[in-house]
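*Asks:* Shown below is the structure under consideration.
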Amino acid sequence: MSDVTSPVSQPIVLFRQVPRQRATEGLQRWPVDAVAELFELPFNDLIFRAQQVHREHFDANEVQLSTLLSIKTGGCEEDCGYCPQSVHYDTGVEASKLLEPAAVAAAARAAREQGASRFCMGAAWRAPKDRDIEKVVELVHVVKAEGLEACCTLGMLTETQARSLKDAGLDYYNHNLDTAPEAYGRIVSTRTYDDRLQTLQRVRDAGINVCCGGIVGMGESRRERAGLVAQIANLDPYPQSVPINQLVRVEGTPLHGSEALDPFEFVRTIAVARITMPKARVRLSAGRQQMGEAVQALCFLAGANSVFCGDKLLTTGNPDWAADQRLLGSLGITAR
Ligand code: SAM
Ligand code: DTB
Ligand code: SF4
């Protein structure tokens, strides 16, 4: 007779760590339906509401300035359909090795002198190796020595790597969810949504501030845009920093031919991010060069209060410092 309580007769359960965000699904603060309802509001009502939330938590006439530097460009093994740095697409981006500390120090100093308060280093890695992290730790020290907040975006991290970056003094780690879970497979095939959530959890557990946002204009539906914002807003806690990128349609990438996004839809996405994540820095990120100044001004009205400054993002163009000084000056916005 078999003993049903004996350990050998128990079914073997392979224990898989479930990311906390998924485990608390029943308690979501922002169901997708509620976020989708915000998108459906008349434009003026939505912007008014976003501006009210914004003023409860921030000086409405102040934006934070970050500068980006690509510390390791191109040759990435992932197949993200938007990205000019993927090895799968012929975009003319030349692959290069990790920058030396002296080059990073010079770029950080220049950014600080122009008025940036945060310096973000991006690397075209799927996941860094431990020896890469050792070198990035040195770069974080260099940035901190210039008196700037340091941010990195390096791909997927192990727990140990996240801890090493925290010990180095890293202030923020950027890792975007990019789109809604149901749209992810159309955009990337070489990793999963859960991979992204797992790295975000590791970053948070290491005590690093999370910077997590996405891209709009990749052919997604409004419902999927709401799904992306809900995912980010339901992270526990929601990220300290939320970059909203408009797709930069780079020739050679599969998404180059995507239909241009209605600019009001982009502004709506900023407003919905502001309402659902009242205390986050919402960053008007990639796509500003293609957007025009009036749309950027609407984004600030909708609650964006951070931008990337300097004439280059990672590989594509961005308004230069002088253009941004003019724009912010004409709007009476001060920089932090
Ligand atoms: N390899 C790392 C990763 O994917 O997390 C870090 C660098 S990756 C270039 C950082 C982010 O840049 C992506 O998550 C995506 O949101 C954004 N990005 C890349 N290409 C873009 C494009 N063409 N338009 C808008 N945003 C883009
Ligand atoms: C983010 O959300 N946007 C930035 C930063 N985080 C790393 C990157 C935008 C990249 C745009 C395409 C390029 O310049 O290669
Ligand atoms: Fe690689 Fe990041 Fe570009 Fe994807 S977005 S191809 S992971 S650099």
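The values are calculated or read from the model by the stated rules, or taken from the named source; none is laboratory data. Treat the numbers as computed from the prediction; the structure is a model and nothing was measured. A quick note on method: Cβ atoms are made from the backbone with ideal geometry, for glycine too, and the neighbour counts reach across all protein chains shown. With ligands, DNA and RNA removed, areas are computed over all heavy atoms of the protein, side chains included. Shrake-Rupley method; radii C 1.70, N 1.55, O 1.52, S 1.80 Å.
*Asks:* For residues in the range 157-187 being farther than 26 Å from E220 by Cα and β-branched (V, I, T), which is least open to solvent (accessible area, probe 1.4 Å)?
*Replies:* Ranking the qualifying residues of the range 157-187, first place goes to T158.
*Asks:* May I pose another question? Looking only at the range 253-280, how many residues end up being within 12 Å of ligand 2 (Cβ to nearest atom) and either of a type in the set (F, W, Y) or open to solvent by 30 Å² or more (accessible area, probe 1.4 Å) (or both)?
*Replies:* Total meeting the criteria: 0.
Yes/no per residue for (1) outside any helix (DSSP H, G or I); (2) acidic (D, E); (3) under 15 Å from Q64 (Cβ atoms); (4) open to solvent by less than 50 Å² (accessible area, probe 1.4 Å):
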| residue | (1), (2), (3), (4) |
| --- | --- |
| Q289 | no, no, no, no |
| C299 | no, no, yes, yes |
| V307 | yes, no, yes, yes |
| P319 | yes, no, no, yes |
| S330 | no, no, no, no |
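*Asks:* Starting from the range 108-128, keep only residues that are near ligand 1 (Cβ under 9 Å from one of its atoms), then list their pairs with residues that are aliphatic (A, V, I, L, M) and in a strand (DSSP E or B) whose Cβ atoms are within a distance under 8 Å, requiring at least 6 positions of separation or different chains.
*Replies:* Cβ pairs passing all conditions: G122/L68; G122/L69; G122/I71; A123/I71.
*Asks:* From (1) open to solvent by 20 Å² or more (accessible area, probe 1.4 Å); (2) within 16 Å of ligand 2 (Cβ to nearest atom); (3) of a type in the set (S, T, Y), pick out the condition that doesn't hold for S241.
*Replies:* (1)
*Asks:* Okay, next question. Can you confirm whether V93 is touching a Pro at 6+ places or on another chain (Cβ under 7 Å) and either within 16 Å of T316 (Cα to Cα) or open to solvent by 50 Å² or more (accessible area, probe 1.4 Å) (or both)?
*Replies:* Criteria met by V93.
*Asks:* Here's a follow-up. Out of the range 147-156, which residues are open to solvent by 40 Å² or more (accessible area, probe 1.4 Å) and either within 16 Å of ligand 2 (Cβ to nearest atom) or at negative phi (or both)?
*Replies:* Matches in the range 147-156: E149 only.
*Asks:* State which residue pairs qualify: first residue touching a residue at least 60 places away in the same chain (Cβ under 8 Å) and inside the range 83-96, second residue surrounded by fewer than 23 Cβ atoms within 10 Å (Cβ to Cβ) and among the aromatic types (F, W, Y) in any location, beta carbons under 9 Å apart, and separation of 6 or more residues or different chains.
*Replies:* Once the first residue is touching a residue at least 60 places away in the same chain (Cβ under 8 Å) and sits in the range 83-96, its partners that are surrounded by fewer than 23 Cβ atoms within 10 Å (Cβ to Cβ) and among the aromatic types (F, W, Y) give C83/Y89.
*Asks:* Read through the list (1) more than 16 Å from ligand 3 (Cβ to nearest atom); (2) buried (at least 17 other Cβ atoms within 10 Å of the Cβ); (3) among the acidic types (D, E), then give the number of the only condition that D130 fails.
*Replies:* Here D130 clears every test but (2).
*Asks:* Looking at the structure I just gave you, is L314 in contact with a helix residue (DSSP H, G or I) (Cβ under 6 Å, 6 or more places away or on another chain), under 25 Å from F119 (Cα atoms) and in a loop (DSSP other than H, G, I, E, B)?
*Replies:* Considered against the rule, which asks whether it is in contact with a helix residue (DSSP H, G or I) (Cβ under 6 Å, 6 or more places away or on another chain), under 25 Å from F119 (Cα atoms) and in a loop (DSSP other than H, G, I, E, B), L314 comes out as no.
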